[in-house]
Amino acid sequence: MSTSSATSNPQLWGIVEQIVQQIGNIPDSSSRLHRTSDTLRRLLDLHKASLIRGEDLQVSQLSLMRERNTYLETLRQIEQLGEELRWDDPDGILLRVRDVLYSDPNEPQTSQT
């Protein structure tokens, strides 16, 4: 079994939870057994926290993707307008917009006035 499937298998984590509970019910068990139980309990708590964090990250990722898609759609609309007008307007603004749209982000920008 791979590590990723083990970390996402709720049945395995349920078994670990049962083991911790059963160890806690053993009267006069050894201190070593209790330390193991405490370690497992901390592991369970960490796993639950990581699941919650993973869900939060998924929500953030979806939100960022929606925002990105909104900006990309706006840029597509600007590009379409420029192409419809053949990037020609009396003030030359569309040409400057085209230069921004198609510029290489790794090259330094030159100021055009």
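The values are calculated or read from the model by the stated rules, or taken from the named source; none is laboratory data. All values reported here derive from a predicted model rather than from experimental measurement. We place every Cβ from the backbone using ideal geometry, glycine too, and count neighbours over all the protein chains shown. Quick note on the areas: whole protein, heavy atoms, side chains included, nothing else; ligands and nucleic acids left out. Shrake-Rupley method; radii C 1.70, N 1.55, O 1.52, S 1.80 Å.
Assorted remarks:
- Of all residues making up the stretch 75-89, the number that are outside any helix (DSSP H, G or I) and either in contact (Cβ under 8 Å) with a residue 24 or more places away in the chain or open to solvent by 70 Å² or more (accessible area, probe 1.4 Å) (or both): 3
- In the stretch 47-74, the residues that are part of a helix (DSSP H, G or I) reach residues that are open to solvent by less than 70 Å² (accessible area, probe 1.4 Å) with C-beta atoms within less than 9 angstrom, at least six apart or across chains, in these pairs: HIS47/THR7; HIS47/TRP13; HIS47/VAL16; LYS48/TRP13; SER50/THR7.
- Scanning the stretch 90-105 for residues that are touching a residue at least 12 places away in the same chain (Cβ under 8 Å) and either open to solvent by 70 Å² or more (accessible area, probe 1.4 Å) or out of contact with any helix residue (DSSP H, G or I) (no Cβ under 9 Å at 6 or more places or on another chain) (or both) turns up ARG96, ARG98, ASP99.
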